[in-house]
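Here is the structure we will look at, set down as structure tokens.
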Amino acid sequence: DAGVIQSPRHEVTEMGQEVTLRCKPISGHDYLFWYRQTMMRGLELLIYFNNNVPIDDSGMPEDRFSAKMPNASFSTLKIQPSEPRDSAVYFCASSLLGRDEKLFFGSGTQLSVL
Amino acid sequence: GQSLEQPSEVTAVEGAIVQINCTYQTSGFYGLSWYQQHDGGAPTFLSYNALDGLEETGRFSSFLSRSDSYGYLLLQELQMKDSASYFCAVSQGGGYQKVTFGTGTKLQVIP
């Protein structure tokens, strides 16, 4: 398996623009997590899904953030409108929690909002 | 809610042993994990403890005390390549599992 695949690797956009981050989890994994990493706040859990259903989105900072998982092999995290304080590395991770406690992370998307 | 505390930075000498502590407060505790992250990279899994005691994997060991809400990662025979950030993470159960990370400990290994 190719592992968790995220795109794009880097995204530079202007304040107010819509940003869409994409994630393909490892085939067969039933958990998918979105994290945001900054120097100040570390790795923050934004939202996680189990079997494509959002379970907990309490970490989503504002209504400007939304996430979907339309099927078992694809998830998106959308920011609309984007702001400079959204600049961070966004990681997607997938797992078979309960059977294997490892989270497998994608390479991340480095987002810069100017 | 949940909180995890770990030191922000640790420096150790190549060949030595270093211990990185993690204390946590959470409901529905299920287990404690450790991850390594090199600069510019993604976190990678190192170990997981659900029960009290020590788990050993090569040069790395991880310990958990559920009664003390405390765990640590022990790195032996330090190598320069061990310079990285190390994160503890708690898994909360109760139907669905939620994994929350601490703020990380940046380990610098010096010659």
Checklist entry - To the nearest whole number, what is the average tally of beta carbon atoms from other chains within 10 Å of the beta carbons of peptide B:88-98? => result 4
Checklist entry - Considering amide H positions built from the backbone, and no H for Pro or chain starts, which residues 5 or more places from A:GLY98, or on another chain, come under 5 Å of its amide H? => result none
Next on the checklist: Explain nothing, just the number: relative contact order of chain A, from Cα pairs under 8 Å at least 6 residues apart, as a whole percent.
Outcome noted: 37 percent
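By average Cβ neighbour count within 10 Å, what is the ranking of A:3-15, A:30-42 from highest down? Write out the running numbers ahead of the final one.
Details: A:3-15: 14.8, A:30-42: 18.5.
Top to bottom by mean Cβ count within 10 Å: A:30-42, A:3-15.
Let's see if you can work this out: charge +1 on each Lys and Arg Cβ, -1 on each Asp and Glu Cβ, no other charges. What is the dipole magnitude of the protein assembly as shown about its Cα centre, in debye to the nearest 20? Display every interim value, and only then the final one.
Numbers: 16 positive and 24 negative charges, 74 e Å.
So the magnitude is around 360 debye.
Fewest to most neighbouring Cβ within 10 Å: what's the order for A:TYR48, B:TYR72?
Details: A:TYR48 25, B:TYR72 20.
With the sparsest Cβ surroundings first, the list reads B:TYR72, A:TYR48.
What is the average number of partner chain Cβ atoms found within 10 Å of a Cβ in A:103-110?
Values: counts 9, 4, 7, 1, 3, 4, 0, 1.
Counting other chains' Cβ atoms within 10 Å and averaging over A:103-110 gives 4.
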Checklist entry - How many angstrom separate the Cα center of segment A:55-114 from the Cα center of segment B:12-62? => result 23 Å
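Every read-out reported here was derived from the displayed coordinates using simple, explicitly stated rules and does not represent laboratory data. Worth saying up front: this structure is predicted, and the values here are computed from it rather than measured. All Cβ positions, even for glycine, are placed from backbone atoms using ideal geometry, and neighbour counts span all protein chains on display.
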